[in-house]
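Q: Let me give you the structure first, and then I'll get to my questions.
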Amino acid sequence: MITFGRIVILVYDYEEALEFYVEKLGLVLSTDFEAGERRFVHLCFPSQRDAGVWLLKAETEKDVAVVGQQAGDQPIGVLYTDNFYNEFDRLQGSGVQFLEQPIEADGAISAHFVDLYGNKFVLVQVENA
């Protein structure tokens, strides 16, 4: 059996990334420790503790070059909610930059936003889900 664990987000700085992902998005810090020269920072969703984000500091020249562009022009992740407009308003109020106004189509409401480095995400509510 295979289950989903974490997506990896390359970051320039752990503290500024934690401020965005914990303080603004509302993820929870689940692991934060150093092992040798590497720091392991894992975040999870409050209602989904076994899936989340692994923040990993960009170390190589190649890593640094793709911070904020890990998925090119496409979203790196899709975040589901059961109350779109409450989450949309909360995120906007905390300073999250949305790239568009909400779009209602095909039984869903969605809007794209970016993290502090420019990685794109989609906030989605699927009706009757």
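Q: Could you work out the mean projected area of the convex hull around the alpha carbons of the stretch 1-67, in square nanometres to one decimal?
A: Value for the stretch 1-67: 5.4 nm².
Q: Could you work out the relative contact order of the stretch 68-129? I mean the mean sequence separation of Cα pairs under 8 Å and 6+ apart, divided by the number of residues, in percent.
A: The normalised contact order for the stretch 68-129 reaches 42 percent.
Q: So for the chain: antiparallel DSSP bridges make up what percent, rounded to the nearest 5?
A: 70 percent
Q: For a quick check: sort 30, 94 by the number of other beta carbons within 10 angstrom, fewest at the front.
A: If I rank by nearby Cβ atoms, fewest first, I get 94, 30.
Q: Please identify every one of the GluC sites (Glu not before Pro) in the stretch 1-80 that sits in a loop by DSSP and has no more than 13 other beta carbons within 10 Å of its own beta carbon.
A: Hits after loop and neighbour filter: 37, 59.
Q: For a label point 7 Å from the Cα of residue 57 along Cα→C-beta, name the residues of the stretch 14-43 whose backbone N is under 16 Å from it.
A: Residues passing the 16 Å test: 14-19, 32-42.
Q: If the chain between residue 1 and residue 40 were fully stretched, how many nm would it gain, using 0.36 nm times the residue separation less the Cα-Cα distance?
A: Here the answer is 11.5 nm.
Q: Percent of Cα-Cα pairs per 5 Å bin, from 0 to the last occupied bin, for the chain, please list those.
A: P(r) over the chain, rounded to whole percents: 2, 10, 19, 23, 21, 14, 7, 3, 1, 0.
Q: Still on this model: How big is the dipole moment of the chain about its Cα centre under a simple scheme where the beta carbon of each Lys and Arg is +1, that of each Asp and Glu is -1, and everything else is neutral? Debye, nearest 20, please.
A: 260 debye
Q: Another question, if that's okay. Does the stretch 68-129 classify as rounded, prolate or oblate by the C-alpha gyration tensor (a ≥ b ≥ c root eigenvalues; a/c under 1.5 gives rounded; else a/b over b/c gives prolate, otherwise oblate)?
A: The shape class here is oblate.
Values quoted throughout were computed directly from the atomic coordinates according to the rules given, and no laboratory measurement underlies them. Values in this document were obtained by computation on a predicted structure and should not be read as measured data. In this analysis, Cβ positions are derived from the backbone assuming ideal geometry, glycine residues included, and neighbour counts consider all displayed protein chains.
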